[in-house]
Amino acid sequence: MAKLTAAKINKLNKALDKKRKIYILEDNDEVNISVEFKESLVEKVIMDYISILEKINSAPVITDELLRGTAGILHLFILREFSDVPMIPKTNDDIQKLVDVTHALYDTGIMEAVIEGFDHEQVQKVYSKLDASSKRAGELMGELAFKQTIENTQEEEKEETLSDGI
């Protein structure tokens, strides 16, 4: 058995940076895509997506167009992290811009072509991680709501006890 070394870790990590070229659209436009999805980047995609959903959820007004547009943002984030497709914003500051770029990539067929170019198992990593994160986030939210209900009930009981004693 060999001892795990920093050099070996770096070599393994470097192996995950492999890219391959795919050709899309009628002009056979070249796009470089990741062969394997790094777990850290899969996690980033999920956190970015959940962050966008939270921003939208807390917005005072949610238009139907914005809501419909968010469905494709997950694929946009996959392209952002695992391909060199241009135009994709590097930040999540402007949700409407993300939606607009998502629509442009879907409408032109680029989104579908690139997503299909990835290894299916790699894309499935993102869906699986999102599913697991969603379930855990739901559990946490349920637990927090339950704790809040208990705290509110205890606070109300204290107030009633104090008012009864006065």
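The values are calculated or read from the model by the stated rules, or taken from the named source; none is laboratory data. Remember, predicted model here, so these are calculated numbers, not experimental data. Ideal geometry is used to build each Cβ from the backbone, glycine not excepted, and the neighbour counts take in all protein chains shown. Note: areas computed on protein heavy atoms with side chains; ligands, DNA, RNA excluded. Shrake-Rupley method; radii C 1.70, N 1.55, O 1.52, S 1.80 Å.
At a 1.4 Å probe radius, which order do MET1, MET111, MET47, MET87 fall into by accessible area, largest first?
Ranked list, largest accessible area first: MET1, MET87, MET47, MET111.
Identify which of ILE62, ILE150, ILE110 has the largest mean-square fluctuation in a Gaussian network model of the chain, with springs joining Cα atoms closer than 10 Å.
So, out of ILE62, ILE150, ILE110, the one fluctuating most is ILE150.
Which of the pairs LYS8/LYS90; LYS19/LYS135; LYS55/LYS97; LYS11/LYS38; LYS44/LYS97 have their Cα atoms more than 21 Å apart in this structure?
Pairs exceeding the cut-off: LYS8/LYS90; LYS19/LYS135.
When the chain is treated as a GNM, springs tying every alpha-carbon pair under 10 Å, which of LYS14, LYS129, LYS44 comes out with the largest mean-square fluctuation?
Comparing LYS14, LYS129, LYS44 in a Gaussian network model of the chain, the most mobile one is LYS14.
Pop a pseudo-label 7 angstrom from the Cα along the beta-carbon direction at both LYS44 and LYS11 and give the gap in nm to one decimal.
That separation, rounded to one decimal, is 2.6 nm.
Which length gain, in nm to one decimal place, applies between ALA71 and LEU25 when the Cα-Cα distance is subtracted from 0.36 nm times their residue separation?
Net length gain for the segment: 14.3 nm.
Most fluctuating residue of THR63, THR153, THR102 in a GNM of the chain with Cα springs under 10 Å: which is it?
THR153
Rounded to the nearest 0.05, what FRET efficiency do LYS97 and GLU157 give with R0 = 41 Å and r taken as the Cβ-Cβ distance? Could you check?
Efficiency, rounded to the nearest 0.05: 0.25.
So for the pair ASN32, LYS18, with labels modelled 7 Å out along Cα→Cβ, what separation do we get in nm?
1.6 nm
So, for the chain, what is the accessible surface per residue at a probe of 1.4 Å, expressed in square angstrom?
Dividing the accessible area of the chain by its residue count gives 69 Å².
How large a share of the accessible area of the chain, in percent, is made up of carbon and sulfur atoms when the probe is 1.4 Å and the other protein chains stay in place? Present the calculation step by step, with values, prior to reporting the outcome.
Details: 6270 of 11420 Å².
The C+S portion of the solvent-accessible surface of the chain is 55 percent.
Give the label of the value calculated from the structure for Rg/Rh (Cα atoms, Kirkwood Rh), choosing from (1) 1.03; (2) 0.93; (3) 1.17.
Answer by label: (3).
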